[in-house]
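Written out below as structure tokens is the structure these notes cover.
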Amino acid sequence: MKKLLYVCLCLWVGIPCAMAQQEITQELQQKYTQYTALSDKIWQWAEPGYLEDKTSNALIEELQAAGFQIQKGVGAMQTAFVATYGTGSPVIGILAEMDALPGLSQEAVPFRKAKFVNAYGHACGHNLFGVGSVAAAIATKNWMAKAHIKGTIRLIGTPAEEGAGGGKTYLVKEGVFKDIDAVLHWHPGDNNNASPNSSLAYRVANFSFSGLAAHASASPEKGRSALDAVEAMNYMVNLMREHISPETRIHYVIKNGGLTSNIVPDYAMVEYTIRNPTAQGLEEIWQRLLKTAEAAAHGTETKMSYEILAGLYNLLPNDILAKEMQKSLEKVGGVPYTAEEIAFAEKIRQTVNAQTLAPISSAQTVRPYTTDLAFPASTDVGDVSWVTPTAGLSTATWVPGVPAHSWQAVACNGMSIGHKGMMNAAQTIALTAQNLFKSPNLIEQAKEELYQRRGTKTFEYKSLAGDRKPPLDYRK
């Protein structure tokens, strides 16, 4: 009884309660084997975007057993789901990703050994991401039930983060985040870091050109080459690079250049990805890109059409939430290595192509808090961050120096180093959620910061992918 009164008193006066935090940490430590076994199952399955059926069901079963109410197939995506516990405000959301990457199948060993040729592998650690987030949500829910905390914890299962999947954009369009007061997330990495950062807005599109086929030698004058149009577009875009901001990124790949060299290609297609620090800047680059495509078609007497495959907003950092995440991460700490793990790390680092590598011991440390960090890539978490205050962290699930989207990352994600980082992330998110439930004023401050960064209190979300529906077959 005295313990219960002490806990309630701590919560009532808003004083951080070490006892309640310790209970969350102990619960997660006690369930270490349970959660790591689940992450290993998902690592073995390695399911691609929108096809994460076994993975989604396994996460749902874990949440249902813990007392969460489940809504399946959200946003017309079979593997998307929302798991909810509690009622009323505040509503804290936790993101859970689950898809794998193509061509990166790998054993959990420090040398290249594919499990299956050309198969998928968890090179971005989403097997850890999904399970770690579920573990955090359940630990938070158990604390809420025990301490009679008013509010709602909501785990959002988000499919197809990789490539042109953009799963979260369709959940935002569906209104999944409209009543959520704050969102917490994490991502596997090679360091422990909760500093806020921005990312690049992003759009992917296919440009198709249609011409006239003809014998390339006997009657070339009768043909109009669609491949010429693609090459003309690419040439103009490459000239344009001199006249764009240095932060802008433009990448392309010719996906169809014709069937054989002695036929004038009557069809060709090129895929473009463009990125810019802001959605407005992205739109300006997009309009210039369209002009090059139109000019290429005009100059080669072909016809052009395009299809937008995906579009993502830049990530809006939130300093208020990030500072709370940093405090929790510093309490949890970094990832210590055993002698066997050090040996694994030393061997796998020999396979990494890098001039310098952070010391292995850096996995045990938490990076100092800093602001104004710019992540030179893109994420569909960006769309979430424009509609609700959002904060995330990374933990050292990979050996320091191991890059994302590599076979080395797959190996780390399937063994004890990845497990330890996952459980550190679960503890950090659960402790941060606990602090937000106990201090609603922090959420209000985070909302005010969002309004300032967005430039408006009212915001009408419009997907940068336009009216496109979820590309459920993009990995088939």
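When SER245 is tested against the conditions (1) of a type outside the set (Asp, Glu); (2) more than 21 Å from TYR306 (Cα to Cα); (3) open to solvent by 90 Å² or more (accessible area, probe 1.4 Å), the lone failure is (3).
From the list HIS215, HIS251, the lone residue that is touching a residue at least 12 places away in the same chain (Cβ under 8 Å) and open to solvent by 80 Å² or more (accessible area, probe 1.4 Å) is HIS215.
For the range 348-385, name all the residues that are in contact with a helix residue (DSSP H, G or I) (Cβ under 7 Å, 6 or more places away or on another chain) and surrounded by fewer than 20 Cβ atoms within 10 Å (Cβ to Cβ).
Taking the range 348-385 first, the residues in contact with a helix residue (DSSP H, G or I) (Cβ under 7 Å, 6 or more places away or on another chain) are 348, 351-352, 357, 360, 366, 369, 371, 380-381, 383-384.
Matches in the range 348-385: THR351, VAL352, LEU357, ILE360, TYR369, THR371.
Being over 22 Å from ASP380 (Cα atoms) and either of a type outside the set (S, T, N, Q) or touching a residue at least 24 places away in the same chain (Cβ under 8 Å) (or both) is a description that does not apply to ALA182. Against the criterion of being at pLDDT 95 or above and under 24 Å from ILE342 (Cα atoms), VAL384 does not qualify. When VAL134 is tested against (1) open to solvent by 10 Å² or more (accessible area, probe 1.4 Å); (2) not in a strand (DSSP E or B), exactly one condition is not met: (1).
For the range 109-123, does any single residue satisfy the condition of being touching a Lys or Arg at 6+ places or on another chain (Cβ under 8 Å), at pLDDT 95 or above and open to solvent by 10 Å² or more (accessible area, probe 1.4 Å)? Looking through the range 109-123, at least one residue is touching a Lys or Arg at 6+ places or on another chain (Cβ under 8 Å), at pLDDT 95 or above and open to solvent by 10 Å² or more (accessible area, probe 1.4 Å).
Filtering THR388, THR428, THR395 for residues that are part of a helix (DSSP H, G or I), open to solvent by less than 10 Å² (accessible area, probe 1.4 Å) and among the polar types (S, T, N, Q) leaves a single hit, THR428.
Can you tell me which of GLU221, GLU242, GLU247 is more than 26 Å from LEU464 (Cα to Cα) and acidic (Asp, Glu)?
Details: GLU242 fails: more than 26 Å from LEU464 (Cα to Cα); GLU247 fails: more than 26 Å from LEU464 (Cα to Cα).
Only one candidate passes the filter, namely GLU221.
Can you name every residue in the range 265-312 that is in contact with a Lys or Arg (Cβ under 7 Å, 6 or more places away or on another chain) and either more than 15 Å from TYR202 (Cα to Cα) or assigned to a loop (DSSP other than H, G, I, E, B) (or both)? The answer is MET269, VAL270, ALA297, THR300, GLU301, THR302.
The values are calculated or read from the model by the stated rules, or taken from the named source; none is laboratory data. Only a predicted model underlies this, so the values are computations on that prediction, with no experimental measurement involved. Because the Cβ atoms are built from the backbone with ideal geometry, glycine has one as well, and the counts that use them run over all protein chains shown. Keep in mind that these areas ignore ligands, DNA and RNA; they rest on the heavy atoms of the full protein, side chains included. Shrake-Rupley method; radii C 1.70, N 1.55, O 1.52, S 1.80 Å.
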